[in-house]
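Structure, as structure tokens:
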Amino acid sequence: MTSTKDKVIQAAHELISRYGYNRTSMTDVAKQAGLSRQTVYAVFANKEDLFAETSYHVFHERLNKTREEITHCTSLGDQLNTYFENMVVQPFIFLQNHPEAITLWNDADMNNHPAIAKLKHEHRQFLAELLVPYTKYIGASGQCPAHMADFIIMTCREMKCGKADSIEELHRLLDTLSASILALTSQGGAEAA
């Protein structure tokens with residue numbers, strides 16, 4: 001059985017994806033979920049809380065999809081390509097269609113929301129774990145997997161939130177980032193075993 005919270009998040013995701021954040025109201029979400037407006041407000045105090053929780057839900061699904069897909073990858077390069085496609089390219093496409101979401105992501109209150117903090121922690125942990133097998137090579141440059149994960153996340157965030165003007169430019173930037181990561185995690189150009 002789907003919980004009320006899940007119904008509201010699913011409805012919000014559908015509407016925000018279709019119409020954007022600014023054009024989606026709590027009343028719209030209630031109607032889409034088949035619930036009363038009062039029920040939606042009983043679950044989420046305001047639209048910002050709903051957006052943060054919806055963002056967490058979408059991110060968590062993307063992260064799980066990425067985890068599953070990288071199990072089939074045979075190299076760090078393939079893992080990075082999978083990560084970039086799911087966690088950077090697809091969100092970039094969404095943000096191109098809904099630029100108001102960039103403003104929300106840059107909002108200090110939104111960035112301090114507990115759901116967003118949890119999202120950031122899970123993201124960092126995922127990338128750090130992906131890089132742990134390369135600790136020796138990363139360490140040779142004075143870095144560690146967690147710091148490298150932070151660098152990748154911040155760099156990708158800048159790319160998808162406005163630094164890349166087109167999908168082609170985004171792919172070029174991601175190719176450069178991938179080559180840099182592979183160079184840092186490899187010895188003599190060969191990937192770590």
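For the reader, a short list of remarks on this structure follows.
- Cα pair count fraction exceeding 20 Å, expressed as % - the stretch 46-139: 43 percent
- Top of Gly162, Gly77, Gly139 by mean-square fluctuation, Gaussian network on the chain, Cα under 10 Å: Gly139
- Length-normalised contact order for the stretch 76-176 - Cα pairs under 8 Å, 6+ apart - percent: 32 percent
- Additional length obtainable on full extension of the chain from Thr103 to Ile167, 0.36 nm per residue less Cα span: 21.1 nm
- Prolate/oblate/rounded label for the stretch 104-193 (Cα gyration tensor, a/c 1.5): oblate
- Taking θ as phi - 60° and the Karplus parameters 6.51, -1.76 and 1.60, the scalar couplings of the stretch 90-106 work out to 4, x, 4, 4, 4, 5, 5, 7, 9, x, 5, 5, 4, 4, 5, 5, 8 Hz in sequence order, x denoting glycine and proline.
- Helix axis angle, 4-19 relative to the chain longest principal axis, alpha carbon, degrees: 80 degrees
- Using a probe of 1.4 Å, the accessible surface attributed to Lys136 totals some 150 Å² when neighbouring protein chains are kept in position.
- Label of the coordinate-derived value, Cα Rg over 2.2 N^0.38 Å, listed as [x] 1.83; [y] 1.14; [z] 1.24: [y]
- Accessible heavy-atom area order of Asp165, Asp175, Asp107, highest first, probe of 1.4 Å: Asp165, Asp175, Asp107
- Here the gap between Tyr19 and Asn112, fully extended at 0.36 nm per residue and compared with their Cα-Cα distance, gives a gain of 31.0 nm.
- Dipole check for the chain: with +1 at the C-beta of Lys and Arg, -1 at the C-beta of Asp and Glu, and the Cα centre as origin, the magnitude is about 400 Debye.
- Ligands, DNA and RNA left out, the accessible area of the chain computed with a 1.4 Å probe is 52% carbon and sulfur.
- Extension gain (nm, one decimal) between Thr71 and Lys120, 0.36 nm per residue minus Cα-Cα: 15.4 nm
- Accessible area (Å², per residue) of the stretch 70-193, counting only protein heavy atoms and a probe of 1.4 Å: 52 Å²
- Think of the chain as having a plus end and a minus end, set by charges on the Cβ of Lys, Arg, Asp and Glu; of Ile138, Gln38, Asn97, Gln38 sits farthest toward the positive end of this dipole.
- A simple packing score, the average count of other Cβ atoms within 10 Å per residue, orders the peptides 79-88, 18-27 as 79-88, 18-27, with the highest score first.
- The mean sequence distance of close C-alpha pairs (under 8 Å, at least 6 residues apart), as a share of the length of the chain, puts its relative contact order at 19 percent.
- For the set Ser55, Ser3, the ranking by accessible area, highest first and with no ligand, DNA or RNA atoms included, is Ser3, Ser55 under a 1.4 Å probe.
The values are calculated or read from the model by the stated rules, or taken from the named source; none is laboratory data. Everything quoted here is computed from the prediction, not taken from an experiment. Cβ atoms come from the backbone with ideal geometry, glycine included; neighbour counts cover every protein chain shown. These accessible areas exclude ligands, DNA and RNA; they are computed on the full protein's heavy atoms, side chains included. Shrake-Rupley method; radii C 1.70, N 1.55, O 1.52, S 1.80 Å.
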